[in-house]
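Values quoted throughout were computed directly from the atomic coordinates according to the rules given, and no laboratory measurement underlies them. Predicted model, so just to flag it, every value in this text is computed and none were measured. Glycine gets a Cβ as well: all are built from the backbone with ideal geometry, and neighbour counts include every protein chain shown.
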Amino acid sequence: MRRRDMSEIHPVLVIGGGPAGLKASADLAELGYDVVLVEKLGQLGGAPIRWGYKTLAPELRPTEEVMGPLIEYVEGNGNVRVMKNSVVEGATGGLGDFTVTVRNLMNGATESLKASAIIVATGFEHFDAKVDPRYGYGRNPDVIGIHELEGMLKEGRVVKRNGDPPKRIAFIFCVGSRDKSTNLWCCTVCCGVSIKQAIELKHLLKDADIYMIYMDIRTFGLWEKLYWKSMEEYGINYIRGRVGEIYAIGDKLLVKGEDTLVRGPFEVLFDMVVLAVGMEPGSGTAQVARALNLKVNEFGFLEPRHPNIHHDSGRDGIYLAGACVAPMSVEEALAEGSAAAMQVAKALRRLQRAVVK
Amino acid sequence: MERVELGKEEVEVKPDQWKLFERAVFAAKAKLTYGTVEEYLKMLERMKELERNGEITVFHVEEEFEPVTVKTLSGRRKRIPTVELWQHKSCGQCGHIPGYVTSLYWIMSQLGVPYVDDTNQTSCTAWNYYGSGTSNPVALTAVFLRNMHVAWERNAYPLIHCGTSYGDYKEVRFMAVMSRELRERVRQILKKIDRDIVIPEELVHYSEWLHVVRHRIAERKKYDVSNVSVAVHAACHTYKLMPEDYTYEDDVLDGVRPAPTTSVALALGARVVDYRNWYDCCGFGFRHILTEREISRSFAYFRKVQPIVRETGADVLLTHDTGCVTTLDKSQVVPLAHGYKETVPVMSDSQFAALAMGAHPFTVCQLHWHVSDWKELMTKMGIDWERRLEEHKRYVEEVKKRVREPEFIRSPGRRLRPRKDSRELSS
Amino acid sequence: MSQRKKKGEFIVERNYVDDQRIIEPEKLEIGGVDMSGRWGLLVLPRTIEDFDHSLHAMVKNHPRGRNIDRCWQCGNCTAACPVAEENPLFNPRYLIYIIKLGYKLEIEKFGNYVYFCGSCGRCSEVCPKDVDPSGVMEAIGTALRRKP
Amino acid sequence: MYQRKSVKIVRRLRRLNGNGWAYHGLPGLQWEIENSSSYDRKLMSELTRELLEDFRIHEFYHACINCGNCTSRCPAFRFADFSPRVVVQKVMHAKSEPDLIVQMLDQYIWACFQCYSCWDVCPAHNNPGGLIAMMKELAVKHGLQSASKALEPYSRVLFKLMTTGTQITPDMHSSIAPFRDWGPHKAELVKHLREERAAVPVENLAKVMDRGWNVDAETIRELLIIEKEAGVIDAVKSVLKDVGEMVDETRAEYGVE
C-alpha cells in the first residue's frame, strides 16, 4: 500500500499552442507536471502571433510583451514537450490513463503516447469574408480584414494597393457575425479591436478620416474606454447602419448603406475598407471534437457540461479552455488556460493521493 | 457517418453533428449565402415525399427534354430542359415589346427546338399581386397549378418568359408544397375546373435556357460583336425572389452574380462591363410603372441608365425580363427632354442573341418598338439598319395590302406525344 | 402643408418625398409631344454621396461646441427637451448627428431648427458625456450664420 | 425629477399616437405624426389580427435587430423616406400598437417596389417585401382609402387581366395620351400599330389587339372560376367597385356561376 509517485503520472496533453494552451502548459509545468503540447501549425502563439497582432486591446500593449515570455517559457522548459505541425487523431482511456495518437502533418508519422489528462484549446478562425460576396473581400485588395490590418500596423505601413496612404477609411462591424446566413453569434472582441486599430491608424495617418459603420458598439467591461477615447480624443466618426454592398470604382471603394439614425441612404467613396471579421470555430476544433468525441453546440463550438463553467468538457479527464468554447479576448483565454490547468492539477492530485494496492 | 466537403477539407460528420456543419457546408459551396437555402432544400425533399404519397404529380425533367445541368445559388444541380418547351408567355412583353418573344421563337426554330405556343395559357397574375395586392396566395397558386397542368397535358416542359412569373411560381410552389392547408384549398378549386395538382420538378426561366444553349447560339453567330460593350441588368424577381434556385456559374463573374445573360453576351464574344448599381432594380415597381411613372422613370434613369453610360459607356443594356426592358427603355425619353443626354439602347438577351445570329432586326427582333436609340449599336455590329428598315416597311405594307401572307415562325415538329390534347392548339 | 401638396400631388407616397427633389416642368416638349406637368416630372435621388465636415470643424472651435465629438447618440437630451416635447422636429440628438457627419441635405432641411432651442439647459444637465447640447445648438447656429 | 419627466414624455407620445409607445423621434415621420388622428378601433384590431394570423407571417418575419441591411439596398429608399426596416419594426410592435399598422397601410407601404432586394440580405431572414405584399392585400381586402387611391389608375389593367388573363395589350397604346411620356417615337409607332402588329411573325400575337395573345374562351372561364373561388373578385369590389362589377358582367357572359 502506497501513494502514487509524481513520476507515475503520465504527462498532460495540451492541444493547441495559442494563449490558452500556452498558459495552461506553463502553469502545469510550473506545478511540476510533464506536458505534451500539440500544435497544428509550425509556430506557437496562436492567432495573435499567426496574424501578427501589433497590440492587444484595451491597453494597446504589444503582443510580444504578452505572448513572448509565455512562448519562451514553454519552449525552454524541460517539462514541456512541444510537438509542432501535429494533430491529435484519437484518444482512448480515461482520466489518468489516456492513450493518444498524434500525427505529424509534415511527414505523416504517427506516435502513440500516454497522457493523464487532456486540455483542449484549439481556438478560433477568423471568419472568411469571401463567403459573403457583398463585401468584395478577396476580389479587391483594398478591402481587408482586421487581422490583416494588424499585420500592416505592425509593419508600420498602411497603404492601398497602389502604394498611396488611404485618406478615408471605413471600418465595417459585424462582418460574418450576427447574421443567420453566416454566423449567428457576436464575436465580442471585434468592436474593441476595430476601435483600437482606428486609434492606431490615427497615430500613423494623422489626416485620415475614419468612419466606423456599426450596428451596436459592444465594448464590454473596461474596453469601453477605448470607445470613449476614440471619439473624444481622436475624432473618429461613428455611423449607425449596416453595409449592403462594397463596389470598386477605379481605385476607390463605393460603400452603400443606410444610416439608420438619419434614415438616409449613403453611397460614399472610401479609399480603404476594413472588415471587422468575426470569430468562428476553426477546422481544428471540428477535428478535435471528432477525434475526442466531444459535444459540439449548435454553432460548432465545443459545448461544456455546464454553460457557465467553460473548462468542464463533460468527459472525464478532458478540459476545455479558450476560444474553442466561445468567442473571447486574449485576456479571457489566458485566464481560461490557467483555470483549466488548475482543474487538471486538482484531478491529478486526487489521483496521486488515491491509495494504490 | 457521412462525408461532406467543407471548403477544401473533407471531414466526417456524425449524424448528430450534421446540423452544425450543414450551414457551413452550404456556405462554402454556395459562396453566396443569403436566402433560405436550408428551407428550400427541405421543400424539394417534401415535394418528393408528397409525390411518393400520391398527393401530387411531379412533372419531371425526363431525358426526352434533353436536359443540361447547371449549378444554382444553393449549390444544388438543376436540370434545364432544352427541347419540347411549353412557352409561358409574359403579359407585358406581348403587348408592347413583341420582339422579345419573336426573337426567342426564332432562335428556337433556328436551333431546331420544338415548342408549344399555347392559347390555353393565362399570365401568372402576380403583377397585380405585387403591384396592388389585388390577389391572394390561393388565387396565385391556383393559376400557377392550372398553367402547369396544361403544360403537363401537352407534355411540354414549361419555359417561363417573365421574371416575375418565374419568381412568383417559385414562391407559390414553396407555399403549396409546405402548406397543406393551402394545397387542399387549391385542390378544391382545381377540381372545379377539372384539373389536379401537377408541380414541375424545376421551374425554368427562359434566360436559363439561353444560358445553357449559349454555345450553340455562338456557333451560329453571323455578326462580330467583339467591339460591343454590354451592360447587364439582372431582373430582381429572377434572382432575389426565392434566390436559391437561379443559375450561377463559377466562371461567370466569379460565380457571385447571376450567370445567365452575362454568359450569353460573353459566349457571343462581347465585352461585358460592370457598373456600380448592378444590384438595383430597374424602377418598374409594379404599381409605379402604371400609376406613378414619375418615380419609375426617375429611378430607371438616375440609378441605372445614367451611371451605366457615364461609367462604362456601354453600347447596349441587356436584361431578361419584360418589365426591365420596358422601364429602362421607355424611361429615357423624359430625361432627354430635360437635357440629360446619356442614353443607351435596351433590349432583351434573346433579341441581342438573335441579332448576332443574323435575325432581321425589325421583322424578327422588332427593335422599332423600342424607344431608345439602337442605330449606333447596329452600325457597330455591322448591320445596315437603313436598308433593313426599308425592307421591313415594305413587308408591313405588303402584309397590310394582303399582297403577301405574314411569315410566321413555326416550331420544328414535336417528337413527344401530348398526354391529352382535347383542347385544340391555337384557334 | 398646403404648399407641400402643390408639386407632385398625385404621387401616392408624396408625403415621403422631399419637395426640393421634385422637378415638375411647367412646359416640356420633345419632338412635338407635350410632356408638361406630370408627364415630364422627375424626382432626383436623395442619396448621401459625401460627408462635409466644414460645419463640424466650426462647431468644434466654438467655445460651447467643443465637446460635440463626445456625443454617442443616446438621446437623453431629446428626451429631456421641453421644446422637442412640443415640436418633435426639433431634435438636438439628431442635429448633433447630422452636423458631426456632415449630411448636407439634412442640414439644409433641419439646420434652422437649432433656433428653436430655448437654452434652458435641461439637456446639458442630463447628458452623460457632458456634451452640453444647448451650447452645441448655439455653436451650430453661429456656424450656420457664418458659413457662406 | 426624472420620473416626472418620463411621465410627461409618455403623455406626449399618447397625444401623438392615440395610445402607447411609438418610435418616431425622427424628422422623416413628420407626416405620420400629423396624421395620427383617430382610426376606427375595430378596423385597427381587425387588420392587426389578420396580419398576425396570416400563415405566411412565420415565413416572412422572425425578429429585427434594426441593422439597416434591407434598406441599404432598397430602391424606394433612394427617392422617398421609405424604409423596409421601419415596416418590419412596426410589424414587430403590431400587437401593442395596432394604429401603427393602419398608418402604415394608409400610405407608407405603397412606396415599395416589390423587388425583394431586402429579403436576401436580411441577417434574420425576414422578408419585408413579403410583409408589404401581405399588407397591400389587406388594404385592398378592407377597402382602405389609400388602396383606392393607389389602384384607381390601375383599373383598366386590372380589368384586362381578370377577363383575358393577359395585361398590357396593344389597344392600350392606341391613344397617345396615356403614354405621352414615352415620347414622339412611341406616338409615331402607335399610328401604325395595327399593321405592325399584324406583321409580328408569331401567329398567336399577330392581329390580336385586345389581348396580349390569343386566349381560349375555356381558359378565361377557368381563370374566372379561380378568381371567384379565391375571393379575388370580392376583394377588388371593395376598392374598385366598377371594375368588380364589370368582371361580374364578363363572368355572366362566360356562364360562370
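What the table shows:
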item	result
Other-chain or far-sequence residues with amide H under 5 Å of A:Val14's (modelled H)	A:Val36, A:Leu37, A:Val38, A:Ile119
CD proxy at 222 nm, helix term only [per DSSP H run n ≥ 4: -39500 (n - 2.57); per residue of chain A; nearest 500]	-8500 deg cm²/dmol
Average projection area in nm² (convex hull over Cα atoms of chain B, one quarter of hull surface)	22.7 nm²
Of C:Ile107, C:Ile11, C:Ile96, the one that fluctuates the most in a GNM where chain C has Cα springs shorter than 10 Å	C:Ile11
Test item: B:324-334 mean partner chain Cβ contacts at 10 Å	4
For the range B:183-237, projected area of the alpha-carbon convex hull averaged over all directions, nm²	7.1 nm²
Other-chain or far-sequence residues with amide H under 5 Å of A:Asp259's (modelled H)	A:Gly264, A:Phe266
Charge dipole (debye, nearest 20) of chain B; +1 at Cβ of Lys and Arg, -1 at Cβ of Asp and Glu	820 debye
Amide H partners (placed H, <5 Å) of A:Phe171, local residues excluded	A:Tyr211, A:Met212, A:Ile213, A:Val274
R0 of 45 Å, Cβ-Cβ distance A:Arg157-B:Arg220: FRET efficiency to nearest 0.05	0.25
Given charges at Cβ of Lys, Arg, Asp, Glu: the protein assembly as shown dipole, positive-most of C:Val43, C:Ile68, B:Leu328	C:Ile68
FRET efficiency, 1/(1 + (r/R0)^6) with R0 56 Å, evaluated for A:Leu184 and C:Arg145 via beta carbons	0.65
Of A:Lys295/A:Lys346; C:Lys27/C:Lys147; B:Lys304/D:Lys160; A:Lys206/B:Lys240; B:Lys71/D:Lys90; A:Lys40/A:Lys346, pairs whose Cα-Cα distance is over 32 Å	C:Lys27/C:Lys147; A:Lys206/B:Lys240; B:Lys71/D:Lys90
Relative contact order (percent, whole number), chain A, Cα cutoff 8 Å, 6+ residue spacing	22 percent
Residue of B:His392, B:His211, B:His338 that the Gaussian network model of chain B assigns the largest fluctuation, springs spanning Cα pairs under 10 Å	B:His338
Residue-averaged [θ]222 nm for chain B, counting only DSSP H segments that reach four residues, each worth -39500 (n - 2.57)	-12500 deg cm²/dmol
Hz values of 3J(HN,Hα) by residue in the range D:97-104 - Karplus curve (6.51, -1.76, 1.60), Gly and Pro given as x	10, x, 5, 4, 5, 5, 4, 5
About the Cα centre, charge dipole magnitude for the range A:32-128 (Lys/Arg +1, Asp/Glu -1 at Cβ), debye	140 debye
Label-point separation in nm, B:Arg271 to A:Trp228, each point 7 Å along Cα→Cβ	5.7 nm
Cα→Cβ-extended label distance, 7 Å offset, between B:Leu416 and A:Arg305, nm	6.2 nm
Cβ-defined net charge surrounding B:Lys192, 15 Å radius [Lys, Arg +1; Asp, Glu -1]	0
Part-to-part distance (alpha-carbon centres) for the range D:190-257 and the range A:231-253, which is given in Å	52 Å
Full-stretch length increase - B:Leu111, B:Thr57 - with 0.36 nm per residue and alpha-carbon distance subtracted	16.4 nm
Chain C: DSSP helices with Cα axial extent of at least 24 Å and average Kyte-Doolittle hydropathy no lower than -1.0	none
Net charge dipole size for the range A:260-357 [Lys, Arg +1 and Asp, Glu -1 on Cβ; Debye, nearest 20]	920 debye
Label-point separation, B:Lys42 to B:Glu64 (7 Å along Cα→Cβ), nm	3.6 nm
J(HN,Hα) series, the range A:282-291, from Karplus relation 6.51 cos²θ - 1.76 cosθ + 1.60, nearest Hz, glycine and proline x	x, 5, x, 5, 4, 5, 6, 4, 6, 5
Volume in Å³ per residue [convex hull over Cα atoms, computed for the protein assembly as shown]	197 Å³
GNM flexibility winner over chain B from B:Arg303, B:Arg216, B:Arg402 (Cα, springs under 10 Å)	B:Arg402
Förster radius 25 Å - calculated FRET efficiency between C:Ser119 and C:Asp52, Cβ distance, rounded to 0.05	0.40
Integer Hz, Karplus 6.51/-1.76/1.60 couplings in order for the range A:58-63, x for Gly and Pro	x, 8, 6, 7, x, 4
GluC sites (Glu not before Pro) restricted to the range C:1-60 and DSSP loop, no more than 13 other C-beta within 10 Å	C:Glu9, C:Glu26, C:Glu49
Neighbouring partner chain Cβ atoms per residue of B:275-282, average, 10 Å criterion	6
